[in-house]
Amino acid sequence: MDVTSNLSLGDPLEPARKATAEMLQSRERTFSLPQPFYNDERLFQIDMQEIFHKEWLNAGMTCEIPAKGNYLTLQLGDNPIIIIRGAEGAVHAFHNVCRHRGSRLCVSDKGKVAKLVCPYHQWTYELDGRLLFAGTEMGDDFKLSDYNLKPVNCKTAGGYIFISLADNPPAIDDFLSTLAHYMEPYDMENTKVAVQSTMREQANWKLVLENNRECYHCNGAHPELLNSLLEWDDTSDPRAPQAFKDHVAQCAADWEAEKIPYLHAGFGLRNRIVRMPLLKGTVSMTMDGKQGSKKLMGRIKNPDLGSMRILHLPHSWNHCMGDHLINFTVWPISAQESIVVTKWLVHKDAVEGVDYDVARLRQVWDATNEQDRRLGEENQRGINSTAYQPGPYSKTYEFGVVNFIDWYSEQMLNNLGAEPAAHLRQVND
């Protein structure tokens, strides 16, 4: 019997929830958010509960758990999660919490096991979460089936693993089916993570995303990145010149001939996929614009595929080129701290030191991530000032930021059960 089922301490965040809804309902749409959204610990807890515990998150790549028993773990706020490859290739996600006394089952970031065994008292679980062994000490009336691991919603598509802690997560299948189609040329089951970086940034997670959603700062901050990246987000970018549109048209004809998906695919403001060319004469995000890996991915024959950009709110973006793919995820730690994880993926048969050099592969984005970290941290320090007040976004350079904040505001109000702001209803109708 659950002796706590009739007890309640109430919700200490209830006043903050009401204030959050009121601030979002009254905010100026094309301005940055009020200060508490970036530095208040109570609002951070609401972000975790209403965004990161309810939305679908990019938890990893299927190639990271290639065989039965391979697992990876992650920490989502106070919730340790395990993702594991089960029988017949199935990918499962569970709360990484033993049903006995709550100890974590897996303490390593990655590994491989035959069964999931709690290191505390050796309760043993099948890879699909079923409790197999708890010892005779639990008594004759103990039922193993009452204490299976608690599952986490899990879906895979195009080599990506998505999880959601929500009881009823939002619909995502349309995006996942499109993602699978766009990722088909890459044969993601036959890729590997060549290298990974984990960077701590003393900035609120929304500042990390806002910085990512615009290239207003690129000319002044990212010389390495601009060796290959064209700053325009799409042909619909209000700043895009005709020369760029002509470049896109020529590349699109080449991609069409090779049956490489490239057209813009959008799913509200949460998800989008689009392939955009890189700077003429470059084929990859390396310092010289040449291939970072000599072995192309999947069925790809032409290295000049530009970069397929995949956005998944609230926390992930990707650049997919002909020779390698870069996956970024942002994980909130506190109101003013985030972790940015970057993974560089190549063909699984690519040989380090022969087909690719790790230092060269990661050079551009190591520099860019570090530059963005400094920008984000200075942004946070300024926002903490008593002088801060919301400032206007550029309608041309920062339309992507406006879209992100619109999505965040709409989802937060919806998840709080509050009325949407009138100006947001007009935007999203």
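On the chain, 49 percent of the accessible area sits on carbon and sulfur atoms, based on a 1.4 Å probe. Taking the Cα centre of the chain as reference, the dipole from Cβ charges on Lys and Arg (+1) and Asp and Glu (-1) amounts to some 600 debye. The loop-placed chymotrypsin sites (Phe, Trp or Tyr not before Pro) in segment 98-167, going by DSSP, that have at most 13 neighbouring Cβ atoms within 10 Å of their Cβ come out as 120, 142. Probe 1.4 Å, all protein chains in place: accessible area of residue 246 in Å², nearest 10? Near enough 90 Å² of accessible area. Need one word for segment 177-292: rounded, prolate or oblate. Basis is the Cα gyration tensor (sqrt eigenvalues a ≥ b ≥ c); a/c below 1.5 gives rounded, then a/b vs b/c decides. The shape class here is rounded. In this structure residue 63 has an accessible area near 20 Å², from a 1.4 Å probe over the protein heavy atoms. In summary, the lysines within cross-link reach of residue 301, defined as a Cα separation below 18 angstrom excluding same-chain residues under 8 places away, comprise 259, 290, 348. Checking the Cα-Cα distances for 245/395; 155/295; 206/245 against a 22 Å cut-off, the pairs over it are 155/295; 206/245. Contact order for segment 104-156, expressed relative to its length and based on alpha carbon pairs under 8 Å spaced 6+ residues apart, stands at 23 percent. Rounded if a/c is under 1.5, else prolate if a/b beats b/c, else oblate: with a ≥ b ≥ c from the C-alpha gyration tensor eigenvalues square-rooted, which is segment 322-384? Verdict is prolate for segment 322-384. Dipole magnitude for segment 252-379: about 420 debye, using +1 per Lys or Arg Cβ and -1 per Asp or Glu Cβ, origin at the Cα centre. For the chain, the convex hull drawn through the C-alpha positions has a volume of 155 cubic angstrom per residue. Charged side chains reduced to their Cβ positions (Lys and Arg at +1, Asp and Glu at -1) give segment 31-140 a dipole of some 380 debye around its Cα centre.
In segment 290-410, taking the dipole from charged Cβ atoms about the Cα centre, the farthest positive-side position among 397, 376, 356 is held by 356. Remark: the Cα gyration tensor places segment 53-120 in the oblate category, a/c being 1.5 or greater and a/b not exceeding b/c.
Specify the inter-centroid distance of segment 343-403 and segment 242-310, based on alpha-carbon positions, in whole Å. That distance is 20 Å. Please give me, ordered by residue number, the trypsin sites (Lys or Arg not before Pro) of segment 252-352 that lie in loop per DSSP and have at most 12 other Cβ atoms within 10 Å. Answer by residue number: 259, 280, 299, 301. Remark: the chain carries 45 Å² of accessible area per residue (probe radius 1.4 Å; ligands, DNA and RNA excluded).
The values are calculated or read from the model by the stated rules, or taken from the named source; none is laboratory data. Model, not experiment: these values are computed from the prediction. Cβ: placed from backbone, ideal geometry, glycine included. Neighbour counts: every protein chain shown. SASA here: full protein model, heavy atoms, side chains in, ligands and nucleic acids out. Shrake-Rupley method; radii C 1.70, N 1.55, O 1.52, S 1.80 Å.
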